[in-house]
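*Asks:* To start, I am sharing the structure in question, which I have written as structure tokens.
The values are calculated or read from the model by the stated rules, or taken from the named source; none is laboratory data. Keep in mind that this is a model prediction, so the values were computed, not measured. Neighbour counts run over all protein chains shown; Cβ positions are idealised from the backbone, glycine included.
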Amino acid sequence: MRPISLTGIKPTGTPHLGNYLGAIRPALDLVKNYETVYFIADYHALTTIQDGNTMRDNIYKVAATWLALGLNPEEGLFYKQSDIPEIFELSWALSCFTPKGFMNRAHAYKDSVAKNEAKGEDLDSNINMGLFSYPCLMDADILMFNANVVPVGKDQKQHVEFARDVAMRFNKKFGEILTVPESLIQEETDVIPGLDGRKMSKSYDNTIEIFLDPKSLKKKIGKIVTNAQSIEEPKDPEACNVFALYKLFASPEQAASLASRYRAGGLGWGHAKAELQALLEEALGPARERYFHLRSHTEEIDKILAYGAEKARVKSKETMALVRQALGVF
Ligand code: ADP
Ligand code: TRP
């Protein structure tokens, strides 16, 4: 039996190249070595997205993105969190084994406290219980499916530590029922730079969306910040935001070849940007077609998610039966 990896995807907006290179591509690569579980964490997004149409649209967007980029629903599991009622049952059970102090220390909650305090806002009315107990739901996501590894960005490492801790507490009382997970941090794609060289992020408004049409993509790439060097001057590829993105899509030979053209001089920023555009088009063009097909055929996504939920619930019912028996609630 191969180890199990589990990836939760929050449907919070239009995915960008930072999400693709930092999260989606590495997570999709795991099929080579793991039994994979991918799911859309829609109820986690509910802590901030509280409009039905926006939520629905984001769920379809994120599902279409992952499917277009190569997620195979026949392999492993792919479902939507809200379709698995056992997760919420387990979340409650686990919350009864979680010290409240852990939640006080959770990063997302602490950040929200700090922001509200800075604005002089009333914490007790401004922070919802969903945000406070967010990690308990994530514990259930992870422990329900016996995940061995959880690929996450650094910001999520603490949450996986909580899941480890609660699994151990639970097992100590009731026997080896839950699998103790580990986080899997992809260091090399930790910070994908955006248009201005800072970390690509929706909150910095410096993103390149994954499925832009060629015209919009050209416009976006045109906005990548470069310096004032003339065409003739030799340039340092490692100090260039265009090259930083290029290299993440290029083969080693392609990267080496463009790097030597930078160093030789005679390559202008416009040329470098055209190279990046061509490479992105080649890497993502076919996926863009699949993406727009799925976006206009949401019934296909519905079917895939329903199939995924059915498969996932075989496992979640099994785990929950063991947990219920251990707790004595049957
Ligand atoms: P944003 O900052 O745009 O809101 P999210 O927080 O929704 O992005 O990110 C979702 C996932 O994508 C996370 O796992 C995060 O680690 C990864 N990610 C986002 N931006 C980047 C980036 N610039 N470089 C590497 N990974 C990123
Ligand atoms: N909290 C994660 C994020 O903000 C999403 C998530 C929810 C998740 N449940 C998970 C990630 C379980 C990994 C495992 O990106």
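*Asks:* Testing Lys219 on (1) outside the structural domain of Ala23 (by TED's automatic domain parsing); (2) surrounded by 15 or more Cβ atoms within 10 Å (Cβ to Cβ); (3) assigned to a helix (DSSP H, G or I), one condition comes back false. Which one is that?
*Replies:* The one condition Lys219 does not meet is (2).
*Asks:* Further, regarding this structure: Among the residues of the range 34-52, is there at least one that is in contact with a helix residue (DSSP H, G or I) (Cβ under 6 Å, 6 or more places away or on another chain), more than 12 Å from ligand 2 (Cβ to nearest atom) and hydroxyl-bearing (Ser, Thr, Tyr)?
*Replies:* Yes; the residues of the range 34-52 include at least one that is in contact with a helix residue (DSSP H, G or I) (Cβ under 6 Å, 6 or more places away or on another chain), more than 12 Å from ligand 2 (Cβ to nearest atom) and hydroxyl-bearing (Ser, Thr, Tyr).
*Asks:* While we're on this one: Consider only pairs whose beta carbons are under 9 Å apart and that are at least six residues apart or on different chains; among these, list those whose first residue lies in the range 134-162 and is under 13 Å from Phe88 (Cβ atoms) and whose second residue is acidic (Asp, Glu).
*Replies:* If the second residue must be acidic (Asp, Glu), the pairs left are Asp139/Asp165; Ala140/Glu86; Ala140/Glu89; Met144/Glu86.
*Asks:* Being on the phi > 0 side of the Ramachandran plot and modelled with pLDDT of 95 or more: is that true of Asn171 here? I'd like the intermediate steps shown before the answer.
*Replies:* Values: on the phi > 0 side of the Ramachandran plot: no; modelled with pLDDT of 95 or more: yes.
Criteria not met by Asn171.
*Asks:* Quickly run through the range 118-134 and pick out the residues that are touching a helix residue (DSSP H, G or I) at 6+ places or on another chain (Cβ under 7 Å), part of a helix (DSSP H, G or I) and more than 16 Å from ligand 1 (Cβ to nearest atom). Step through it out loud before you land on a result.
*Replies:* Start the filter on the range 118-134 by keeping residues that are touching a helix residue (DSSP H, G or I) at 6+ places or on another chain (Cβ under 7 Å), which leaves 123, 126-127, 131-134.
Now drop any that are not part of a helix (DSSP H, G or I), which leaves 123, 126, 131-132, 134.
The answer is Leu123, Asn126, Phe132.
*Asks:* Further question on the same structure: Taking the criterion of being over 30 Å from Leu195 (Cα atoms), touching a residue at least 40 places away in the same chain (Cβ under 8 Å), away from ligand 1 (no atom under 16 Å from the Cβ) and outside any strand (DSSP E or B), would at least one residue in the range 18-41 satisfy it?
*Replies:* yes
*Asks:* Please pick out the residue among Ile177, Ile87 that is of a type outside the set (Ser, Thr, Tyr), outside any helix (DSSP H, G or I) and in contact (Cβ under 8 Å) with a residue 60 or more places away in the chain. Break it down stepwise before answering.
*Replies:* Numbers: Ile87 fails: outside any helix (DSSP H, G or I).
The match here is Ile177.
*Asks:* Within the range 283-299, how many residues turn out to be exposed (fewer than 15 other Cβ atoms within 10 Å of the Cβ) and not hydrophobic (A, V, I, L, M, F, W, C)?
*Replies:* Total satisfying the criteria: 7.
*Asks:* So which of Thr207, Thr179 is closer than 30 Å to Trp92 by Cα, polar (S, T, N, Q) and out of contact with any Lys or Arg (no Cβ under 7 Å at 6 or more places or on another chain)?
*Replies:* Values: Thr207 fails: closer than 30 Å to Trp92 by Cα.
Step by step, each of Thr207, Thr179 is checked, and only Thr179 is closer than 30 Å to Trp92 by Cα, polar (S, T, N, Q) and out of contact with any Lys or Arg (no Cβ under 7 Å at 6 or more places or on another chain).
*Asks:* Condition first: outside any helix (DSSP H, G or I) and aliphatic (A, V, I, L, M). Now tell me which residues in the range 283-303 satisfy that. Please lay out each step first, then the result.
*Replies:* Within the range 283-303, the first condition is being outside any helix (DSSP H, G or I), and the residues that meet it are 296-297.
If the condition is that a residue be outside any helix (DSSP H, G or I) and aliphatic (A, V, I, L, M), then no residue fits.
*Asks:* Evaluate the following for Leu279: is it surrounded by 19 or more Cβ atoms within 10 Å (Cβ to Cβ) and in a helix (DSSP H, G or I)? Walk me through how you get there before you give the answer.
*Replies:* Details: surrounded by 19 or more Cβ atoms within 10 Å (Cβ to Cβ): yes; in a helix (DSSP H, G or I): yes.
Yes.
*Asks:* Let me ask something else about it. Please work out if Asp165 is acidic (Asp, Glu), at pLDDT below 95 and more than 10 Å from ligand 2 (Cβ to nearest atom).
*Replies:* no
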